[in-house]
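Notes follow once the structure below has been shown.
Every read-out reported here was derived from the displayed coordinates using simple, explicitly stated rules and does not represent laboratory data. Note that the coordinates shown come from a computational prediction; the quantities given were computed from them, not determined experimentally. Cβ atoms come from the backbone with ideal geometry, glycine included; neighbour counts cover every protein chain shown.
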Amino acid sequence: MSFNSELLNKIVKVYGPSSNEAKIREFITEEIKDFVDDIRIDALGNLIAHKKGNGKRVMISAHMDQIGMMAIDIDDNGFIRFTNIGGISPVYSYGQKVVFENGTIGAIFCEPVDDLTKVKLDKMYIDIGAFSKEEAEAKVKIGDICIYQSEFVENENVVFTPYLDDRVGCFIAIEALKTIKEPVNDLYFVFSVQEEVGLRGAKTAAFSVDPEIGISLDVTAHGDTPKAKRFAIGLNKGAAIKVKDNSIIVHPYIRETLVKLAKDKGIPYQMEVLEFGGTDSGAIHLNKEGVPSGVISIPTRYVHSTVEMASKNDINNCTKLLIEFLNTEFEI
Amino acid sequence: MSNLELLKLLSNHNGISGFESTLNEIIIPYFEKYADKVTIDKLGNIIALKKGSSSGESPKIMIAAHMDEIGLMVNDIEENGFLRFTSVGGIDPRTILGQEVIVHGKEDLFGVIGAKPPHLQDANEQNKAIKMKDMTIDIGLDCAKVKELVKIGDSITINRSLIELKNNRVAGKALDDRAGVVAMFECLKELSNLNHEADIYFVATVQEEVSMAGAITSTYRINPDIGIAVDVGFGTTPELDKADSLDLGKGPGITLGGNIHPGLRKKLVSTANEYNIPHQMEITVGPTGTDARAIQITREGIPALVLSIPLRYMHTSVELIDVVDIKHTGKLLAFFIKEISNENLEGLLCY
Amino acid sequence: MLLKTLTESFGLSGNEKEVRDIIIAEIKDYCTTIKTDRIGNIIAFKEGKPNSKRIMVTAHMDEVGLMVKDIDSSGLIKFIPVGGIDKRILVSKTVLIGNDKIPGVIGAKPIHLQKRNEWSNALNMSDLYIDIGAKSKEDAEKYVNIGDYVAFDSKYTEFGDNLVKAKALDNRVGCAILIDLIKNIEDISFYGVFTVMEEVGLVGAGPAAYEVDPDISIILEGTLCYDIPKLDSHMIPTYIGGGPAISLVDRTTVYNHKLRDRVVQVAKKNNIPHQFRKTAMGGNDSGRIHTSRDGSLTTTISVPCRNIHSPVSVMSLEDYNNTSKLVKALLYDFDEEGYNEF
């Protein structure tokens, strides 16, 4: 399987912070519309693409929203104060360039403080180079959300860029969706909204899809950098099969099926026991009468920074594992 | 089988949240003795239906006691074969140092959670609690052998057999909430001698300790008129405020507060008084830390009740109860159920 | 006056009966259907012109307060908070206990007997108790039971320049506006929902939304206001007198942008002063409503309240009237222009 850098490069750059996913929704729609039977958008903005098959109804979820910063105040000199949309780290965001939906670019900086590591976001501001409130207001309204400006870097091993979380999951879902010609199962690919603010899109999408099996694709943390907190997940060591995080304990049948497939098909894998965080399957498995659900995670360094880094081999292995999983005749 | 024998069996068996299916072989045959139908749902909840006598549409009452227990999980394997681990559910790291454990790998493996010898410690080291991330489990095998038998994500339980103490009191692990499961059986047995109109769904729920996943999904499926969580409550000990705890041997705690339907709760108390069943009051203003939290907000909302079996030393491996309280709890449930009919249900639920 | 009746009545989270009964009596003749659901929410429907979308307007009925936890041998009453309360506001206050509204006081140690600087530490909730004048535990138990709800004793008072002081402005102000809507809106179909137990974890809203299954919801609230001098403007969540506060984002919802823009447009069109709620802290019923079933759109419009969650909450009658105006205008606007863009 060759690595489709072009698509990944494009998809991480499309604007789509939580609650304002219209642009990325259009991008993905264009990308997949010729490969699915039906596409619909629900009230919260989830993109739900149906690829018909006769087996189990499976929901595949990758979230298309990004973390970002919402303008809440513009002062007399045109400086913009903001609040976080999702997990924005003051340290990671300090000194970064951000971009609003209309293309306005700004820089994040901070009031003078003694200890930058303890700074809170309410001491920080966005400078868009406006010299007055009026100038600023012409470009940015209160309630507008900006995201980190993108820069996609790759070499033969890895990619690093803002927003692998979770555009790499979307990328894998799209690659699988395009590869699978004759679905064994009845597949609903959901590109979900508002994961970063609390798995909200996946909750409502699961209600309408009403799946029998759930699988989501998202980044996970790493434990393979100098003095990293102990976590048995590293780059280039294979697709990560989740056992638990704070939102789910993966259903044994799904976990065992993924492990067996990886072994049988020679796909490198690692087991993930995450002590924090959560992803869409956390919402899916609680839907209605319960949905056996699992997660394929992409090992990723520096999650929620502007240099989220993942291995190309791992990404390809996640795609392979997903395809094998979706082609399985489930016995549950 | 007596309540005590069953409790012993359940307590000594292992099934942390998400890994409960090992309990099916005990619970299902037991339910099947008295219930009309037993099923396992998609997340692993065991649901036993005892049909009521009503010929028309029966009220539906759901009783939930969770069968999962807190525990540990392997999250790394060291080069010397030691296991690193994390917790599933709320565990005080101070309670697991020096414990014997069972690692549920390809086969069950005995191990110990080691501690640094006092001789090697700094002067004030003993004043500091050890963090879970600094502990290891030694299963006495080399790394290659360990990796053959154990994988990351395997569950671990404390190796503990239930012990009998004085005055009907027993101590063991996982009495939270296997004691509740036994109370459901007690209720089921009582009901076989009573006439009740309502259809009763007994649910041994999964994953209460982490997400209430079992109660959320089973309540959706059953969609009962009344949901009752049977769980454990804090037993009185010197370090607890008396007002925040329940006395052992004096019957179940009946919870008051927003999670609870006031009309049903009044009925529950009057039933207890009428049949002379000892009981105590317990208050929680908002959502309780039980399956009832999930039950109340399912679908259009479900009127809920909570009964708590007094239990000391919660979330340790020496949880202590008085078995008499299980009996009282089961009886109270059964007599309350007997009192519910098509005729009075609407009145009881009225605000 | 309705707001006076509502703020002086009792309705702690989980014990909303008194408020619920007042609301039902007020609105029952104006609704097409009305019911109390299985956990105590009021779900009223007012039928107007047929509509492809289902509109729901909600306000939570409950208020914060205290609950009796224990009675000691001398008849003094220990309590726990119901909802978020700053323990420091409780000292030296009067309260009313239970359905019979037994009066009591929360006292404090005389300053004469305190050690030097003892007063620089806040008193813990566990150090406080209510004295109803009982002589013993048995005596107290004649009037008070464990589990009884305790409300702040605070009368509705108008003062200053169009301001009101009362307890429970969060959220009887929302209830009052919603009651007024149900009485006075003509020809628009909408659900008016009064929810229980918002203050202890948004309990009532989820089931209510599951039942109504709305497409668009307007959540009416009393929201926090902290407009003290010398604070940077971005640290001030709302201003008293600044008009209805339109929510951007809180812990439970990132509000739909199109609907939010529409609310602003309608305010501008009708010359109604308005402001944004500039903090992401807090949360409300919207969180449960917009994620119920397959999802729906929500907006929260609030009356700013200083000293929220205390016996002396303060709001502006002007803000109250403007909020009411804005919500009415919004409902008519939906009707005029249709809902297709949402």
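Structure summary
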{"quantity": "Helix A:164-179 vs. chain A, principal-axis angle (Cα, 0 to 90°, nearest 10)", "calculated": "40 degrees"}
{"quantity": "R0 of 45 Å, Cβ-Cβ distance C:R251-C:Y30: FRET efficiency to nearest 0.05", "calculated": "0.85"}
{"quantity": "log₁₀ of I(q)/I(0) at q = 0.10, 0.11, 0.13, 0.16 Å⁻¹ - chain C, Debye sum with one point per alpha carbon", "calculated": "-0.60, -0.72, -0.97, -1.36"}
{"quantity": "Inter-label distance, nm, simple model (7 Å from Cα along the C-beta direction), A:E156/C:N117", "calculated": "6.8 nm"}
{"quantity": "Zero-based 10 Å bins, Cα pair distances in chain B, whole percents", "calculated": "6, 25, 32, 21, 11, 4, 1, 0"}
{"quantity": "Highest average packing first - B:300-307, C:127-134, Cβ atoms within 10 Å", "calculated": "B:300-307, C:127-134"}
{"quantity": "Hits among lysines - C-alpha to C-alpha of C:K35 under 16 Å, sequence gap 8 or more where chains match", "calculated": "C:K17, C:K46"}
{"quantity": "Lysine pairs within segment B:71-158, Cα separation less than 17 Å, 8 or more sequence positions apart or different chains", "calculated": "6"}
{"quantity": "Fraction of alpha-carbon pairs over 16 Å apart in segment B:71-158 - percent", "calculated": "50 percent"}
{"quantity": "Value at 222 nm in deg cm²/dmol, rounded to 500, when DSSP H runs of n ≥ 4 in the protein assembly as shown each add -39,500 (n - 2.57)", "calculated": "-8000 deg cm²/dmol"}
{"quantity": "Virtual spin-label span in nm between B:M1 and A:M1, 7 Å along Cα→Cβ", "calculated": "4.7 nm"}
{"quantity": "Per-residue HN-Hα couplings for segment C:139-150 [Karplus 6.51, -1.76, 1.60; θ = phi - 60°; Hz; x = Gly/Pro]", "calculated": "4, 5, 5, 5, 10, 10, 10, 4, x, 5, 8, 10"}
{"quantity": "Expected-Rg normalisation [2.2 N^0.38 Å, Cα atoms] applied to segment C:205-342", "calculated": "1.04"}
{"quantity": "Efficiency of FRET from Cβ geometry, A:V119 and B:V269, R₀ 60 Å, rounded to 0.05", "calculated": "0.65"}
{"quantity": "Segment B:232-254 residues near the modelled C:N124 label - backbone nitrogen below 17 Å, point 7 Å along Cα→Cβ", "calculated": "B:237-245"}
{"quantity": "Estimated D of segment C:65-152 in µm² per second, where Rh is the Kirkwood radius over Cα pairs and Stokes-Einstein applies at 4 °C, 1.567 mPa s", "calculated": "97 µm²/s"}
{"quantity": "Candidate lysines for bridging to C:K78, where Cα separation is under 19 Å - those fewer than 8 sequence places away on the same chain excluded", "calculated": "B:K242, C:K69, C:K87, C:K93, C:K101, C:K109, C:K135, C:K137, C:K142"}
{"quantity": "For residues of A:243-254, the mean tally of beta carbons on other chains within 10 Å", "calculated": "5"}
{"quantity": "Residue among A:F191, A:F276, A:F231 with the largest mean-square fluctuation in a Gaussian network model of chain A, springs linking Cα atoms under 10 Å", "calculated": "A:F276"}
{"quantity": "Exercise: per-residue mean of other protein chain Cβ atoms within 10 Å, B:250-256", "calculated": "1"}
{"quantity": "Chain B: most fluctuating residue of B:E78, B:E239, B:E282 per GNM, C-alpha cutoff 10 Å", "calculated": "B:E239"}
{"quantity": "DSSP beta bridges in the protein assembly as shown [antiparallel fraction, %, rounded to 5]", "calculated": "60 percent"}
{"quantity": "For segment B:221-351, radius of gyration divided by Kirkwood radius, i.e. Rg to Rh on alpha-carbons", "calculated": "0.97"}
{"quantity": "Cβ-defined net charge surrounding B:I302, 13 Å radius [Lys, Arg +1; Asp, Glu -1]", "calculated": "0"}
{"quantity": "Per-residue average of Cβ from other chains inside 10 Å of B:259-271", "calculated": "1"}
{"quantity": "P(r) weight above 15 Å for segment B:191-291, C-alpha pairs, percent", "calculated": "71 percent"}
{"quantity": "Estimated translational D of chain A in µm²/s (Stokes, Kirkwood radius over Cα pairs; 25 °C; 0.890 mPa s)", "calculated": "121 µm²/s"}
{"quantity": "Anchor A:K133: lysines whose Cα lies under 16 Å away (excluding residues fewer than 8 positions away in-chain)", "calculated": "A:K141"}
{"quantity": "Volume in Å³ per residue [convex hull over Cα atoms, computed for the protein assembly as shown]", "calculated": "198 Å³"}
{"quantity": "Cβ-Cβ FRET estimate between A:F109 and C:S233, R0 fixed at 22 Å, reported to 0.05", "calculated": "0.75"}
{"quantity": "A:E182-A:D37 pseudo-label distance in nm [points 7 Å out on the Cα-to-Cβ vector]", "calculated": "1.5 nm"}
{"quantity": "Student exercise, the protein assembly as shown dipole from Lys, Arg, Asp, Glu Cβ charges, in Debye to nearest 20", "calculated": "780 debye"}
{"quantity": "Paramagnetic reach from C:M1 (point 7 Å along Cα→Cβ, amide N under 14 Å) across segment C:162-191", "calculated": "C:162-167, C:169, C:173, C:176-177"}
{"quantity": "Kirkwood hydrodynamic radius of segment A:68-148, Cα pairs, Å", "calculated": "12.4 Å"}
{"quantity": "Dipole magnitude (debye, nearest 20) for chain A, charges at Cβ of Lys, Arg, Asp, Glu", "calculated": "780 debye"}
